[in-house]
């Protein structure tokens with residue numbers, strides 16, 4: 001029997017193609033089963049990648065969450081991995097720690113708690129994972145190496161897990177070590193002991209969230225082997241190593257994808273979801289990142305399963321990786337088992353088959369070509385895929401199946417008319433076999449599960465630029481999240497603050513609260529900075545009230561045309577208007593203050609409010625202090641455009657209020 005894209009079943013072989021050229025493949029459970037499927041997921045964090053999502057108004061925010069997590073609707077994700085915030089830059093921004101200081105605990109900072117609750121609300125069975133990228137400075141006692149104090153580091157991580165349960169009713173299933181950094185065997189064992197001592201025996205440890213090297217150490221250290229439940233590697237290129245297989249542990253691609261979410265990105269995701277198991281026996285794949293919800297001009301813009309980067313309009317885009325994910329997640333669940341009969345198609349592409357305890361069968365086929373499935377990493381060696389006919393023989397307990405539901409996606413790079421997750425007519429099975437005509441760059445799911453659905457909502461609002469007139473007085477008495485809407489911290493942490501000592505107009509402010517360089521993952525700047533707005537901004541005025549809390553050495557700034565963030569923030573250029581607690585001011589062309597455009601006396605002091613105004617038009621900049629000109633017509637050396645920003649001269653306490661922007 002032949003199943004054509006026209007949905008017609010050929011009753012006469014001469015009307016279609018010669019079945020003698022169809023390659024044959026067997027799907028059989030009686031010869032034994034493969035590994036247990038653990039799910040497909042997304043990673044929020046590793047750089048504040050869900051930063052803008054929390055600021056979406058309803059109903060758009062809930063719609064985005066439904067496309068990500070709601071079963072039988074969109075991606076139907078089965079795993080959510082989040083960053084355990086460490087107050088440091090981790091790719092596209094900083095995420096706040098639950099313990100800025102040793103005697104400080106607050107389990108309501110940041111948005112990861114909220115996101116986990118929302119995911120769990122939609123899918124109570126979702127697997128939750130936490131992983132640190134960075135740590136507050138106190139954890140390392142001033143050193144940039146948390147393993148020197150394994151007991152302190154383990155207690156810090158475990159406190160986050162306990163807080164998730166106590167304050168948010170969230171049970172964390174797995175925890176990692178330190179993202180993409182060298183593992184420490186002693187620390188892993190200390191973490192296991194610390195978890196066990198507080199009753200968290202069910203929380204599994206994933207190691208080491210980098211390469212496969214930890215499996216070598218596990219092979220010679222039985223205590224380490226016992227401590228680790230999952231061997232997780234990042235961007236494995238669909239392959240594993242023999243040492244990892246010898247551990248007999250679960251093997252996961254615990255971070256993957258990281259690719260622009262156009263159709264080539266969707267093709268990357270389609271290929272690796274199948275081939276991570278076919279080539280590497282990896283039973284879970286987790287996308288970095290979950291949703292591209294950060295300013296697109298930050299590093300790795302739009303490298304998420306979908307895009308939600310405009311809370312000011314409500315616009316979002318359901319990209320192709322959402323529907324490619326659905327090809328697997330809507331028709332198989334964690335706990336299902338791969339068949340041993342999985343593999344590559346003779347003329348390119350791959351197929352996997354999964355079954356559950358009830359005898360259901362799901363087959364996912366992909367025929368992605370090389371150039372249309374390149375991931376950002378690792379390099380992809382050449383291979384060929386051509387159109388082909390394939391016959392599948394159903395044996396064992398599947399021999400009695402009479403019908404399969406069919407879903408198809410087609411990346412049509414020729415006519416530019418792709419379609420994704422389209423339900424076709426059911427496929428009738430005769431004599432335990434069926435034949436498909438496969439074109440290149442396609443994904444098929446054939447399944448006994450009939451509950452699949454391509455969820456839809458009305459189109460969101462149209463895309464639009466950041467508002468040209470913007471104001472925030474930070475008057476939020478009980479903030480749900482640490483950051484003010486639209487601000488994206490790049491170094492340091494800017495939190496809502498209630499100034500109980502000020503009965504005047506500055507009771508509610510935004511405060512930079514990190515006073516010690518964290519244990520870093522990326523190269524943080526020595527200054528703190530939070531960016532906001534439209535990267536295309538050129539001529540504008542920024543105004544903000546500022547309050548320094550560090551005597552003599554304190555300093556704050558407002559800025560425009562800031563051209564870099566993320567891991568490159570240290571080299572950011574723009575126009576930075578600084579005032580200092582020693583009564584001076586400075587205008588610089590860069591964050592580090594190397595190129596000075598103007599400087600002099602300001603009369604500014606700590607513990608007093610000052611209003612800064614910065615106007616840039618063309619090649620000239622002017623600054624006001626408390627409404628009076630302090631300097632004017634400083635020559636701007638560049639760049640020509642960038643974000644607005646606020647920040648501090650060092651890791652110091654400082655407050656900001658009544659932030660305003662007017663773009664000309």
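Computed from the coordinates by the stated procedures, all read-outs in this text should not be read as laboratory data. If you're wondering where the values come from, they're calculated on a predicted model, not measured in any experiment. Ideal geometry is used to build each Cβ from the backbone, glycine not excepted, and the neighbour counts take in all protein chains shown.
The ranking of 332, 397 from fewest to most other beta carbons within 10 Å of each one's beta carbon is 397, 332. Based on alpha-carbon atoms, the Kirkwood radius and the radius of gyration of the range 469-663 give Rg/Rh equal to 0.93.
Kirkwood Rh over Cα pairs of the range 38-336 into Stokes-Einstein at 4 °C, 1.567 mPa s: D in µm²/s? Don't skip to the end; give the middle numbers.
Values: Rh = 19.1 Å.
So the translational diffusion coefficient is about 68 µm²/s.
Counting beta carbons within 10 Å around each of 473, 441 and listing the fewest first gives the order 473, 441.
The listed peptides 135-144, 359-368, 23-32, ordered by packing as a protection proxy, come out as 359-368, 135-144, 23-32 (highest mean of other Cβ atoms within 10 Å first).
The protection proxy used here, the mean number of other Cβ atoms lying within 10 Å of each residue, ranks peptides 405-414, 279-288 as follows, highest first: 279-288, 405-414.
Go ahead and estimate [θ] at 222 nm for the chain from helices alone: -39,500 (n - 2.57) per DSSP H run with n ≥ 4, summed, over the residue count, rounded to 500.
Using -39500 (n - 2.57) per qualifying helix, the result is -4500 deg cm²/dmol.
Between 0 and 90 degrees, the angle of helix 60-69 with respect to the longest Cα principal axis of the chain falls at about 40 degrees. Using only Cα atoms, tell me the angle between helix 150-168 and the longest principal axis of the chain; keep it within 0 to 90° and round to the nearest 10. Orientation of helix 150-168: about 80 degrees from the principal axis. Taking every DSSP beta bridge that has both ends in the chain, the antiparallel portion is near 75%. Gain on full extension, evaluated as 0.36 nm per residue between residue 601 and residue 114 minus their Cα-Cα distance, stands at 170.8 nm.
For helix 185-197, report the angle its Cα long axis makes with the longest principal axis of the Cα atoms of the chain; keep it between 0 and 90° and round to the nearest 10°. Tilt relative to the chain: about 90 degrees. The ranking of 38, 151, 502 from fewest to most other beta carbons within 10 Å of each one's beta carbon is 151, 502, 38.
Tell me, what is the percent relative contact order of the range 178-258, built from C-alpha pairs under 8 Å that lie six or more residues apart? Spell out each step's value before the answer.
Working: 119 pairs, mean separation 23.7, N = 81.
Here the relative contact order equals 29 percent.
Given the C-alpha atoms of the range 585-664, compute the convex hull and give its volume per residue in Å³. Present the calculation step by step, with values, prior to reporting the outcome.
Working: hull volume 9.1 nm³, N = 80.
Taking only Cα atoms, the range 585-664 has a hull volume of 114 Å³ per residue.
The length gained by stretching the chain between residue 462 and residue 664 to full extension, at 0.36 nm per residue less their Cα-Cα distance, is 70.4 nm.
Principal axis extents of the Cα atoms in the range 147-259, from largest to smallest and rounded to whole angstrom, are 39, 35, 25.
Relative to the present Cα-Cα distance, how much length would full extension add between residue 635 and residue 213 at 0.36 nm per residue of separation? Mind showing how you got there, number by number?
Values: separation 422, 0.36 × 422 = 151.92 nm, distance 5.28 nm.
Residue separation times 0.36 nm, minus the Cα-Cα distance, leaves 146.6 nm.
For the range 422-547, with equal point scatterers placed on the C-alpha atoms only and solvent neglected, what are the log10 I(q)/I(0) values from the Debye formula at q = 0.13, 0.19 1/Å, to two decimals? After summing over all Cα pairs, the log10 values are -0.77, -1.23.
With contacts taken as Cα pairs under 8 Å and at least 6 residues apart, the chain reaches a relative contact order of 15 percent. Once divided by 2.2 N^0.38 Å, the Cα radius of gyration of the range 352-484 becomes 1.60. Taking every alpha-carbon pair under 8 Å whose residues sit at least 6 apart, the range 131-180 reaches a relative contact order of 44 percent.
For the range 175-241 versus the range 72-138, the spacing of their alpha-carbon centroids is 19 Å.
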